[in-house]
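Step one of this worksheet: look at the structure below.
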Amino acid sequence: MDRKTLMENRYRIPSLAALNAFVAFARTGAIRRAAAELRIDHAAVSRHLRDLEHALGVPLRTGQGGLTPQAEIYCARIIPLLEGLAHATADMRQDIAHLTVTCSHGFAYHWLLPRLSAFRRDHPCIDLLLRPVDADTGFDPRHGTGALHADIRYMTDEPQGPEYRGAERNMRCMEITRPAVFPVASPRCLARLSHPPRTAADLLDAPLLLEDDETEWKLWFAAQSVQIGTVPAAGRLWQAHLALAAARAGEGIALGNPYLLAEDLRAGLLCPVTTTATPLRRVALGSYVLRAPAHVWEGTALRLLRTWLSAQVAIYEGELQERAHPGPET
């Protein structure tokens with residue numbers, strides 16, 4: 001049979017509902033018993049059987065309510081096929097149906113969440129549960145619906161030990177992206193500064209918003225060749241998500257990256273802080289990292305998520321480049 005004929009025949013396959021009703025009727029010997037087995041109304045079973053007879057062009061039932069010889073042959077041939085389809089579907093659901101991923105709030109809310117509908121559309125068999133969390137989390141060794149399968153976290157370059165990036169035994173990790181970090185503030189906050197900052201060191205006189213600790217600001221000042229002992233804090237927040245909310249409200253200057261700031265910058269709610277004498281260096285201080293136990297890492301679901309994340313980051317980085325260096329208008 002050539003490919004064209006095979007494809008034409010495939011489009012003429014009766015509905016799965018009709019085939020299931022036929023097999024249930026053949027197995028139970030009665031419409032009502034078939035309906036009870038399928039948990040549908042008996043009238044629906046009768047309708048499915050009539051539709052199947054019409055689609056096949058032959059009667060399937062005898063006057064006594066049994067199967068015709070042709071129907072018995074047809075039933076024997078399709079039962080293994082339906083069972084194979086059921087087993088394949090069950091295996092697929094068991095392998096990739098449930099995927100629970102924890103993620104830092106800012107990355108989850110500002111970048112990942114708006115794109116999840118595309119992931120679900122591309123991979124409808126994966127039931128992805130996204131759980132924004134405040135801090136680093138451990139992994140449940142179980143592999144099931146209630147287990148934590150993977151984690152996405154921003155990790156600074158400050159030495160944290162091998163376990164911090166998931167390098168310990170039986171763990172795997174992948175750098176998703178390494179974004180540039182820069183200070184931002186609301187227009188109102190910038191207008192309140194006593195004078196525009198000339199150098200990075202001048203920002204030490206401005207209201208600086210910290211996250212849980214001084215780590216990121218210290219790394220940023222060091223990258224600007226400014227050595228400091230303590231960062232003067234105008235406010236200490238728990239996480240980048242909250243620090244940026246405070247900056248949006250005009251309370252001070254926060255550090256952020258394009259994955260957290262795109263909408264705020266586009267809307268003018270936050271602006272990059274600039275200096276008048278020595279330009280600030282745009283530097284990367286860490287990475288967003290995907291981590292998972294090895295047995296999950298090699299599974300179909302996480303492989304699909306890894307591939308999808310890499311593709312989405314590539315698209316987004318291209319958009320950022322295009323905004324930074326727009327081509328000539330046509």
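The values are calculated or read from the model by the stated rules, or taken from the named source; none is laboratory data. A quick note: this is a predicted structure, and the numbers were derived from the prediction, not measured. Using ideal geometry, Cβ is built from the backbone for each residue, glycine included, and neighbour counts are taken over all protein chains shown.
If you scan region 114-128, which residues turn out to be aliphatic (A, V, I, L, M) and in contact with a Leu (Cβ under 7 Å, 6 or more places away or on another chain)?
Scanning region 114-128 gives L116, I126, L128.
Checking L52 against (1) surrounded by fewer than 16 Cβ atoms within 10 Å (Cβ to Cβ); (2) of a type in the set (A, V, I, L, M, F, W, C); (3) closer than 20 Å to P69 by Cβ, only one condition comes out false. Which one?
Only one criterion is unmet by L52, namely (1).
For region 180-200, name all the residues that are under 39 Å from the mean Cα position of the chain (by Cα) and either buried (at least 16 other Cβ atoms within 10 Å of the Cβ) or among the charged types (D, E, K, R) (or both). I'd like the intermediate steps shown before the answer.
From region 180-200, those under 39 Å from the mean Cα position of the chain (by Cα) are 180-191, 200; that's our starting set.
The answer is V181, F182, P183, V184, A185, S186, R188, C189, L190, A200.
Give the number of residues within region 283-311 that are part of a loop (DSSP other than H, G, I, E, B) and either aliphatic (A, V, I, L, M) or in contact with a Pro (Cβ under 9 Å, 6 or more places away or on another chain) (or both). Working first, answer last.
If we filter region 283-311 for residues that are part of a loop (DSSP other than H, G, I, E, B), which is where we start, we get 284-285, 298-299.
Then keep just the ones that are either aliphatic (A, V, I, L, M) or in contact with a Pro (Cβ under 9 Å, 6 or more places away or on another chain) (or both); that gives 284-285.
Residues flagged as part of a loop (DSSP other than H, G, I, E, B) and either aliphatic (A, V, I, L, M) or in contact with a Pro (Cβ under 9 Å, 6 or more places away or on another chain) (or both) within region 283-311 amount to 2.
Out of (1) closer than 27 Å to L208 by Cβ; (2) surrounded by fewer than 16 Cβ atoms within 10 Å (Cβ to Cβ), what's the single condition that is false for A311?
Against the list (1) closer than 27 Å to L208 by Cβ; (2) surrounded by fewer than 16 Cβ atoms within 10 Å (Cβ to Cβ), A311 comes up short only on (1).
Would you tally the residues in region 203-225 being over 32 Å from the mean Cα position of the chain (by Cα), crowded, with 18+ Cβ neighbours inside 10 Å and among the acidic types (D, E)?
0
Please determine whether any residue of region 81-100 is crowded, with 16+ Cβ neighbours inside 10 Å and either over 30 Å from Y316 (Cα atoms) or at pLDDT 90 or above (or both). Spell out the reasoning first.
Quick first cut of region 81-100, residues crowded, with 16+ Cβ neighbours inside 10 Å only: 96, 98-100.
Narrowing further to those that are either over 30 Å from Y316 (Cα atoms) or at pLDDT 90 or above (or both): none.
No - not one qualifying residue is present in region 81-100.
Over 21 Å from L219 (Cα atoms), at pLDDT 80 or above and either assigned to a helix (DSSP H, G or I) or touching an Asp or Glu at 6+ places or on another chain (Cβ under 7 Å) (or both): is that true of A191 in this structure? Don't jump to the end; show me each part of the working.
Details: over 21 Å from L219 (Cα atoms): yes; at pLDDT 80 or above: yes; either assigned to a helix (DSSP H, G or I) or touching an Asp or Glu at 6+ places or on another chain (Cβ under 7 Å) (or both): yes.
The answer is yes for A191.
Anything in region 55-85 that is more than 45 Å from the chain's Cα centre (by Cα) and assigned to a helix (DSSP H, G or I)? List them, or say none.
Step one: of region 55-85, the residues more than 45 Å from the chain's Cα centre (by Cα) are 57-73.
Within region 55-85, P69, Q70, A71, E72, I73 meet the criteria.
Enumerate the pairs (first residue in region 187-215 and under 17 Å from T275 (Cα atoms); second residue anywhere and hydroxyl-bearing (S, T, Y)) with beta-carbon separation below 6 Å, excluding pairs fewer than 6 apart on the same chain, so at least 6 apart or on different chains.
P196/T276; P197/T275; R198/T275; R198/T276; T199/T275; T199/T278
Do the conditions hold for Y164, that is, is it among the hydroxyl-bearing types (S, T, Y), at pLDDT 85 or above, closer than 28 Å to L244 by Cβ and surrounded by fewer than 18 Cβ atoms within 10 Å (Cβ to Cβ)? It would help to see each step written out before you state the result.
On the way: among the hydroxyl-bearing types (S, T, Y): yes; at pLDDT 85 or above: no; closer than 28 Å to L244 by Cβ: yes; surrounded by fewer than 18 Cβ atoms within 10 Å (Cβ to Cβ): yes.
So Y164 does not fit the description; no.
Looking for whichever is aliphatic (A, V, I, L, M), assigned to a loop (DSSP other than H, G, I, E, B), crowded, with 16+ Cβ neighbours inside 10 Å and not assigned by TED's automatic domain parsing to the domain that holds C103 here; the options are L255, L280, L244, L260. Which one fits? Break it down stepwise before answering.
Working: L255 fails: assigned to a loop (DSSP other than H, G, I, E, B); L244 fails: assigned to a loop (DSSP other than H, G, I, E, B); L260 fails: assigned to a loop (DSSP other than H, G, I, E, B).
Exactly one of L255, L280, L244, L260 is aliphatic (A, V, I, L, M), assigned to a loop (DSSP other than H, G, I, E, B), crowded, with 16+ Cβ neighbours inside 10 Å and not assigned by TED's automatic domain parsing to the domain that holds C103, namely L280.
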